[in-house]
Amino acid sequence: MTDVPTSRLRLHAIDAAEGERIVARTAGPTDAWADDFPFEGDVGAVGSFLRATATHGEQRPFGFYRITRLSDERAIGGIGFKGQPIGGTAEIGYGLAPSARGQGYAAEAVMALLSMAADHGLIRMIADTTLDNIASQRTLTRAGFGLVRTDAELHHYEVLLNGSTAWSAAFLRSPRRILEATLAASVLGGTPSLLNALAHGGGRGAWRYGLDATRAIGSLAPPGRRSIVAGAGAHAAISLVAGQAFGRFLPRRHSILWAAGGGAVMGLVGVGIIGRRFPAIRELALGPQIADNIAFGVIFAVVADRRGNP
């Protein structure tokens, strides 16, 4: 079976032999486990997988997947299907060792499994979680699931799979992460041009450049006059639009490289082509402005895809 990779994890479909080792909590010579793997949830889920295998035969690709963290190549949990699909629908479950929780790994693994399921023709996935398991509820929501009903013990979720599922697994970020990254990039993205002004004109030159650049951006807003207030507003609006674009379309894998390229394109088009139509923008040095756009993209990627809850 082909492993399912993500930017930080690898999902590996286990066989019965590996399942027996997990249930026995006895690592083999080639197994690399976190100190607290497997935990009780893994043992129970793998036990169900082994019983299904013994009764019905091969379960893969709709079996149990070991979650391995790429940074240290250690198993940190598991995710899998609670039985074979019926009518294009399957139920999933997942869990992480305590030491791996709170890093956003669960949502990342769920989205990868959804992508794989869509590739195998499934059209609907379901999952449930206890009423007090807030972390699991957030994981399902981040992965695109919607709450469909609640009973005395469980919240029940579902997600419909389509062509956007694989896209979500590779691109999806939470609105909070996008906003945090946008704010950071908006504030720090102008560092290259300010450093250039500082190198050529000292502190006074950098201050003057900052004011001139802000006024120049203000000329983009009606009625086209140079204004610090209008410039601050236009800068915020442009940053929000750019942040949303990066957040939705920037691949999570190698995101810094993609963001640098995207920032360069944004600078060449926005400043080098469109901006040249405005005299105030045209007066600004082109190179540092393009560098600012590259910095915006890189800072966005660093903040948006840092470790932690996505």
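The set of residues in segment 237-272 being in a helix (DSSP H, G or I), aliphatic (A, V, I, L, M) and in contact with a helix residue (DSSP H, G or I) (Cβ under 7 Å, 6 or more places away or on another chain) consists of 240, 242, 256, 259, 260, 264, 266, 268, 271. Can you tell me which of (1) touching a residue at least 12 places away in the same chain (Cβ under 8 Å); (2) under 30 Å from residue 301 (Cβ atoms) is the one residue 3 doesn't meet? Going through the list (1) touching a residue at least 12 places away in the same chain (Cβ under 8 Å); (2) under 30 Å from residue 301 (Cβ atoms), residue 3 breaks only (1). Return a yes/no flag: does segment 73-86 have any residue that is polar (S, T, N, Q) and in contact with a Phe, Trp or Tyr (Cβ under 7 Å, 6 or more places away or on another chain). Taking every residue of segment 73-86 in turn, at least one turns out to be polar (S, T, N, Q) and in contact with a Phe, Trp or Tyr (Cβ under 7 Å, 6 or more places away or on another chain).
Of note, residue 275 satisfies the criterion of being at pLDDT below 90, surrounded by 15 or more Cβ atoms within 10 Å (Cβ to Cβ) and over 17 Å from residue 178 (Cα atoms).
Counting only residues that are surrounded by 16 or more Cβ atoms within 10 Å (Cβ to Cβ), more than 18 Å from residue 180 (Cα to Cα) and modelled with pLDDT under 90, segment 252-269 holds 0 of them. The residue pairs whose first member lies in segment 139-164 and is surrounded by 11 or more Cβ atoms within 10 Å (Cβ to Cβ), whose second member is among the hydroxyl-bearing types (Ser, Thr, Tyr) and outside any strand (DSSP E or B), and whose beta carbons are closer than 7 Å, counting only pairs six or more residues apart or on different chains, are 142/174; 144/168. Residues in segment 208-227 that are of a type outside the set (S, T, N, Q), surrounded by 14 or more Cβ atoms within 10 Å (Cβ to Cβ) and in contact with a Gly (Cβ under 9 Å, 6 or more places away or on another chain): how many? So the answer is 10. The residue that is surrounded by the fewest Cβ atoms within 10 Å (Cβ to Cβ), counting only those in segment 278-302 that are touching a Phe, Trp or Tyr at 6+ places or on another chain (Cβ under 8 Å) and more than 24 Å from residue 199 (Cβ to Cβ), is 301.
The values are calculated or read from the model by the stated rules, or taken from the named source; none is laboratory data. Given the structure is predicted, the values throughout are model-derived calculations rather than measurements. Methodologically, a virtual Cβ is constructed for each residue, glycine included, from the backbone with ideal geometry; neighbour enumeration extends over all protein chains shown.
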